[in-house]
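Note sheet for the following structure.
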Amino acid sequence: MPAFSFLDRKLSIAGPGFNRWLVPPAALAIHLSVGQAYAFSVFNKPMAQMIGIHSSAPQDWTQTSISLVFSIAIVFLGLSAAVFGKWLEAAGPRKAMFASGLCFAGGFLIASIGLALHQLWLVCVGYGVVGGIGLGIGYISPVSTLLKWFPDRPGMATGMAIMGFGGGAMIGSPLAVNLMAHFSSRASTGIVPTFAWMGLIYFAFMMFGVFTVRVPPEDWTPTKQLRRGNLTSPVDRTGVTVDQAIRTPQFWLLWLVLFVNVTAGIGVLSQASPMIQEVFKGQVTKDAAAGFVGLLSLFNLAGRFFWSSLSDVIGRKPTYTIFLLLGIILYSSVPAIGHMGAVGLFVTSFAIVLSMYGGGFAAIPAYLRDLFGTIQVGAIHGKLLTAWSAAGICGPMLVAYLYEHQRSRGASAADCYLRTMYIIAGLLVFGLIANFLVATTDSTPAARVEPDRAADGVQHQHLAEPASHHHVIQTSLAQLICAWLVVGIPLAWGVRETVGKSLSLFH
């Protein structure tokens, strides 16, 4: 359609003078939005008491049925990333980000109608299916573009964007709470207009990313790095196609590594609040437990940038070795820490674990780029995220099943949680072995192909549009500062809210 021609990839090629540091805030605008999914639990109680608003006991939908909405969203995140990854490489990041915004915001609006009509199935379709598709497309849409703009620092670049997904909850949670407080009344929790307004707010925020993002010209190279000798030729855009990558053992070994890392982390996240309250009964209050959850979110965010940046220095394989080996040690130590009654050490251990959980997400695109090249890294990343879908189901179910099984045998609630940590530590051993078996030599791909011979559906003759067709528009310092403020201010607000609540944990 002519009205949407500005979304075409060939019209989003950066001209001379474009500053590549405008791309990370564009990516952050998308990830800070779709990262709201991690804050979905803030809707649990309001949804459970839409009718019985004045009762302290749930009078409406059960917590199990409400949690199904989140599970569906995570499943469709992985599935849509796998299905649309190849299309994304052909369509370009701008069109993919726009599609993500439509689906994610549309999911909120459909869900608000479902809430107004009191139809849970419509909420599942809206937030779970349509919104989940927006999650998946949005999550992978900036990745391959960032890898092409930052060939000298691929881990740092993707870490900057993907940390937004970890930080999305720190914005989404207080935003939802404030909106529901504003719209609530004696007869309403305010959740219906809250969903509608959040859809509109997130759509506007994501459009900033759509209009800001650019793709580099085919012959582009970061000139400073070229002069320093870090790069000796234009950015490598060779590699293997997604169809070739999924036929290699390296892909499936990395799938297992990601699955194990996510299963362990998301299992803890799903039970963090009740776990710390049961392990330190009488010591940790409900408010302090909420601070614990917020602190984990903060380390989840920070770890995405820290560990992915570190992977640029020490390499991807050693970074994942640290994740898994240190994870085994920490999970195995938690039961002893719990019995010691050392709250601070317990919190510190899980903060480190959650930083590595986030770091695992952030470093995986660069790991894939090292193994398979950049030509279809977005599509390959999308396929790999099916591990997240599987872990999103297995992690919470594993912790819940082990807890209930041990409770049925007479174990205390605290011991049930603590003993589960040994099982998770054992699970990480399989990930450690898989990471050890990943080959990182140039012989990994079966065949490396040039972009113009790849079966990726991208019309590369259009991508190589001569730079002379563009007007030279130098990115000003003011533009750069404004772009970072657009994403930095909401993120700083979310961090402040989280830290404020987390302080109660140490009172």
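The values are calculated or read from the model by the stated rules, or taken from the named source; none is laboratory data. The structure displayed is predicted, hence computed values, not measured ones. With ideal geometry, Cβ positions are generated from the backbone for all residues, glycine too; neighbour counts draw on all protein chains shown. Keep in mind that these areas ignore ligands, DNA and RNA; they rest on the heavy atoms of the full protein, side chains included. Shrake-Rupley method; radii C 1.70, N 1.55, O 1.52, S 1.80 Å.
Quick notes on this one:
- Screening 145, 194 for residues that are open to solvent by less than 10 Å² (accessible area, probe 1.4 Å), touching a strand residue (DSSP E or B) at 6+ places or on another chain (Cβ under 7 Å) and either at pLDDT 85 or above or at negative phi (or both) leaves exactly one candidate, 145.
- Restricting attention to the stretch 267-299 and to residues that are more than 18 Å from residue 391 (Cβ to Cβ) and in contact with a Leu (Cβ under 6 Å, 6 or more places away or on another chain), the residue that is modelled with the highest pLDDT turns out to be 299.
- Only one entry of 171, 133, 162 meets the criterion of being in contact with an Asp or Glu (Cβ under 9 Å, 6 or more places away or on another chain), touching a residue at least 24 places away in the same chain (Cβ under 8 Å), of a type in the set (Val, Ile, Thr) and part of a helix (DSSP H, G or I), and that entry is 171.
- Residue identified as surrounded by fewer than 23 Cβ atoms within 10 Å (Cβ to Cβ), out of contact with any Lys or Arg (no Cβ under 9 Å at 6 or more places or on another chain) and of a type in the set (A, V, I, L, M, F, W, C) among 330, 428, 402, 385: 330
- Test: residue 306 is modelled with pLDDT of 90 or more and open to solvent by 30 Å² or more (accessible area, probe 1.4 Å): yes
- Among the residues making up the stretch 1-51, a single one is touching a strand residue (DSSP E or B) at 6+ places or on another chain (Cβ under 7 Å) and polar (S, T, N, Q): 12.
- Cβ-Cβ under 6 Å pairs, at least 6 apart or on other chains, the stretch 405-418 side farther than 20 Å from residue 395 by Cβ, far side in a helix (DSSP H, G or I) and of a type in the set (A, V, I, L, M): 414/279
- Those residues of the stretch 357-383 which are part of a helix (DSSP H, G or I) and more than 13 Å from the chain's Cα centre (by Cα), in sequence order: 366, 367, 368, 369, 370, 371, 372, 377, 378, 379, 380, 383
- Summed over the stretch 89-125, the residues that are without any contact (Cβ under 8 Å) to a residue 60 or more places away in the chain, closer than 25 Å to residue 6 by Cβ and open to solvent by less than 30 Å² (accessible area, probe 1.4 Å) give a count of 2.
- Considering residues of the stretch 136-159 that are among the hydrophobic types (A, V, I, L, M, F, W, C) and in a helix (DSSP H, G or I) only, the residue farthest from residue 34 (Cα to Cα): 149
- Failed condition for residue 86, given (1) open to solvent by 40 Å² or more (accessible area, probe 1.4 Å); (2) at pLDDT below 85; (3) within 23 Å of residue 214 (Cβ to Cβ): (2)
- Residue in the stretch 176-189 that is buried (at least 21 other Cβ atoms within 10 Å of the Cβ) and within 15 Å of residue 28 (Cα to Cα) present: no
- The set of residues in the stretch 379-388 being over 14 Å from residue 244 (Cα atoms) and either out of contact with any Phe, Trp or Tyr (no Cβ under 8 Å at 6 or more places or on another chain) or among the aromatic types (Phe, Trp, Tyr) (or both) consists of 388 alone.
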